[in-house]
1. Among the residues of region 309-329, which ones are open to solvent by 10 Å² or more (accessible area, probe 1.4 Å) and not β-branched (Val, Ile, Thr)?
2. Cβ-Cβ below 9 Å, separation at least six or inter-chain, first residue in region 114-134 and of a type in the set (S, T, N, Q), second in a helix (DSSP H, G or I): which pairs?
3. GLU138: under 20 Å from ALA109 (Cα atoms) and open to solvent by 30 Å² or more (accessible area, probe 1.4 Å), yes or no?
4. I need the full set of residues from region 242-263 which are open to solvent by less than 40 Å² (accessible area, probe 1.4 Å) and either among the charged types (D, E, K, R) or assigned to a loop (DSSP other than H, G, I, E, B) (or both), in order please.
5. Evaluate the following for MET512: is it exposed (fewer than 14 other Cβ atoms within 10 Å of the Cβ) and among the aliphatic types (A, V, I, L, M)?
6. Just checking, which of GLU115, GLU155, GLU183 is in contact with a helix residue (DSSP H, G or I) (Cβ under 8 Å, 6 or more places away or on another chain) and open to solvent by 60 Å² or more (accessible area, probe 1.4 Å)?
7. Take region 227-271 and flag every residue that is hydroxyl-bearing (Ser, Thr, Tyr), touching a Lys or Arg at 6+ places or on another chain (Cβ under 8 Å) and touching a residue at least 60 places away in the same chain (Cβ under 8 Å).
8. Name the single residue, out of those in region 445-475 being surrounded by fewer than 15 Cβ atoms within 10 Å (Cβ to Cβ) and of a type in the set (Gly, Ala, Ser), that is farthest from the chain's Cα centre (by Cα).
Amino acid sequence: MLSVILTLIFICPIFSTVVHITTSILFLNDMRLHINARCVLVMGRGKKLLNDLCQISQFEDVKFEAASILSEFYCQQNLVDSAKPVLRKAIQISQQTPYWHCRLLFQLAQLHALEKDLVSACDLLGVGAEYARVMGSEYTRALFLLSKGMLLLMERKLSEVHPLLTLCGTIVENWQGNPIQKESLRVFFLVLQVTHYLDAGQVKSVKPCLKQLQQCIQTISTLHDDEILPTNPAALFHWLPKEHMCVLVYLVTVMHSMQAGYLEKAQKYTDKALMQLEKLKMLDSSPILSTFQVILLEHIIMCRLVTGHKATALQEISQVCQLCQQSPRLFTNHAAQLHTLLGLYCISVNCMDNAEAQFTAALQMTTHQELWTFIVTNLASVYIREGNRHQELYSLLERINPDHNFPVSSHCLRAAAFYIRGLLSFFQGRYNEAKRFLRETLKMSNAEDLNRLTACSLVLLGHIFFVLGNHRESNNMVVPAMQLASKIPDMSVQLWSSALLKDLNKACGNTMDAHEAAQMHQNFSQQLLQDHIAACSLPEHNLISWTDGLPPVQFQPQNGPTTSLASLL
């Protein structure tokens, strides 16, 4: 019996932390005092000076800058509870200084967001939006509202997101100002729309928004930076530098390509994004760049596993580990994803016990519902493969029942849950039930162009019809499955399809076609075998045993592959 390697499309939040709201210029009256404050802080004697500066009644800009720096200092020392009152006091007394009032609101909101207190962060951003409106800056009002919309999406408060995004869209389109600022607002707005669709697994529906986003970033890249500053001090902000926005657009394009099953396209845009990131990181130490890099690697790792490049995927998992070792916050935000990737790798090399351990570790580390559902779906596939985990399997399936109270709104994940039900019914010999579930998967995956789920469902239906002796219907399923799998390209589905085509043609007396299919199957088997041996021989293969704490820094070399490929061939 051929095994089914179920590496579904990984749904990952695009922002593991709230995107930094950066300032385009520091609106200061006395640069000399500003420089002194930073120099003393760097020398390690700045805490008392900054506290004193926060107390003085004159030099408003210096005082608020001091409060901002002191708050950053406390956060660097993991004294967040000391940073909050500094910012709150500064916000309270800065209402007559629009630039600093807005900046300090952004800063405190970001601090709350990093602590996962999204309700407090949203409240502060709402206050900022109303203040910006009163100050006559629709541009900054849009920044506050879009930031709030981003957090509401992270909280899955969709009933609040929809009217907010509608309002933001109106503000952005009506605002007349600096072309780069206007286009950057449009990018922010469209990024939220695109990620909202992708989170919902609506790959086909998102295409018009994604196309607008790509056109928008092309427009920004042709515009020259305008050095004329806004006259309204409340408007001295921008969301992200346009170079960062360009990487972000590449990133959401990769996310779309992965969900849709256009893996070669995902590879192309990942390469472009990583190349640009490397150039930016030589000049810019912004932590958001490392976050972008990790998310890109997470997606391309899944691409490698599907296309039969497990050794490369494992080396890239190791690269993610190294990036997370350099940043505790990055590790905290991506530990669950990292264990999930290792679980998918373990499935691909037939290490089912390790896959279970990795998915179990990931489940303990995440509160993100889409990621939780994705992990449970893949863990269920492990239990199906093992064949003797009935109690655990049925317990999981009750929690991801696509017919009743499915835990998330994702179209893609619900379609995958139907596939898992069909897979289980197939292994249990309940073929009519399996066909019902798989036809539901096909209906949903065709509606949103989920090509990989379509290919998996077609080949499994083909296998069912072959077992039932309906060779014509089996052929009608397997041939398009092979064509689609070749287009993706999906190595495991091609392996499975070629084996079925070989048996089908042999049963129908088509000797030449059977020989051709057998040769294809042999070629796919050899490619997978060589890649399997290469991956299991890497020292990084030892990562499959890591389930707790920080990832290991060094790896002991393997003597040879420790797993069998027999079930794949």
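1. Correct list: HIS309, ALA311, GLN315, GLU316, GLN319, GLN322, LEU323, GLN325, GLN326, SER327, PRO328, ARG329.
2. SER120/LEU108; SER120/ALA109; SER120/HIS112; SER120/ALA113
3. yes
4. GLY261
5. yes
6. Residue meeting the stated conditions: GLU115.
7. none
8. Step by step, filter region 445-475, then rank; the result is GLY469.
The values are calculated or read from the model by the stated rules, or taken from the named source; none is laboratory data. The structure presented is a predicted model; accordingly, all values stated were derived computationally and were not measured. Cβ coordinates were reconstructed from backbone atoms using ideal geometry, including for glycine residues, and neighbour counts include every protein chain displayed. With ligands, DNA and RNA removed, areas are computed over all heavy atoms of the protein, side chains included. Shrake-Rupley method; radii C 1.70, N 1.55, O 1.52, S 1.80 Å.
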